[in-house]
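Take a look at the structure set out below.
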Amino acid sequence: MDVADTLGSGCMIDSPIQTSLVDPPLAIARVAAGALSAIALVSAMGMASVALFMGAQPYLMLVGMEVCIVLAGVFGLLFLRKKFSDGPALALLCVAGTIFAASVLSWLSVSRGITLKGDRTVDLKLLMYARIGLAALLAGLASVEVLRRNVLSRGFLLRAVATGMPLLVIAGGLYAGRNVLASQKTVPEWIVWTLVSVGAVIAMALLCACGHFVIRAFEMGRPENQKV
């Protein structure tokens, strides 16, 4: 076998791998992500208009968060248009994260609801929950996409879950027990603050670890990391 045949056989061996490196997102995933992004975009445009023109006063903080959701929806539609081919899963995860964060911050900025002209109050809690569910669906689509591209990402996702679950337990415990600790007059205040401080430090470390593993898992979907 001469050099040409050797190179030719090598190309035949490598060609399936090279083809898999640039696998586009599944059509159903692109359509679903595009539809969810369009829903988020339209809802944000409507809410921004209400907060700016129909409120008893302009809710500028709310408008700013809704603009962020609009931009996230635009990027989600770009994903539908087969953009971000280098890292589609990571791009979709960023869209989901932006919608989640902006939705929560929108609600926090007007936690008692917005007052419309005519003294009618509208609570945004239900809208926030709906958008959180939408963001979760987008994150799920991103997870499927990255797992489809590279099986090595599964290990990083499992580590993210392993560090994220204790974080939720600690955060939930601190939130649920905040009133109990404050009402315990027999417990010295320095003990309470020590427990809270230690819990906060551990939670921050777990948050950093979880975020690192999530980002690393989605980076495995990039073409240069799919040589397995």
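The values are calculated or read from the model by the stated rules, or taken from the named source; none is laboratory data. The shown structure was predicted, so the numbers you read here are calculated from the model rather than taken from an experiment. Positions of Cβ are generated from backbone atoms using ideal geometry, with glycine treated the same way; all protein chains shown enter the neighbour counts.
Here are some notes:
- The sole residue among 189, 224 that is surrounded by 11 or more Cβ atoms within 10 Å (Cβ to Cβ) and either assigned by TED's automatic domain parsing to the domain that holds residue 90 or at pLDDT below 75 (or both) is 189.
- Among the residues listed as 104, 122, 95, the single one being assigned by TED's automatic domain parsing to the domain that holds residue 54, in contact with a strand residue (DSSP E or B) (Cβ under 6 Å, 6 or more places away or on another chain) and under 19 Å from residue 42 (Cα atoms): 122
- Beta carbons closer than 8 Å, at least 6 apart along the sequence or on distinct chains, pair a first residue in region 127-151 that is buried (at least 20 other Cβ atoms within 10 Å of the Cβ) with a second that is charged (D, E, K, R) for 149/23.
- Identity of the residue in region 56-68, in contact with a Leu (Cβ under 7 Å, 6 or more places away or on another chain) and part of a helix (DSSP H, G or I), that ends up surrounded by the most Cβ atoms within 10 Å (Cβ to Cβ): 65
- Qualifying residue in region 78-99 (condition: under 19 Å from the mean Cα position of the chain (by Cα), surrounded by fewer than 17 Cβ atoms within 10 Å (Cβ to Cβ), closer than 15 Å to residue 34 by Cβ and modelled with pLDDT of 85 or more): yes
- Screening residue 204 with (1) surrounded by fewer than 15 Cβ atoms within 10 Å (Cβ to Cβ); (2) at pLDDT below 80 gives one miss only, at (2).
- Residue tally, condition modelled with pLDDT under 85 and aromatic (Phe, Trp, Tyr), over region 121-155: 0
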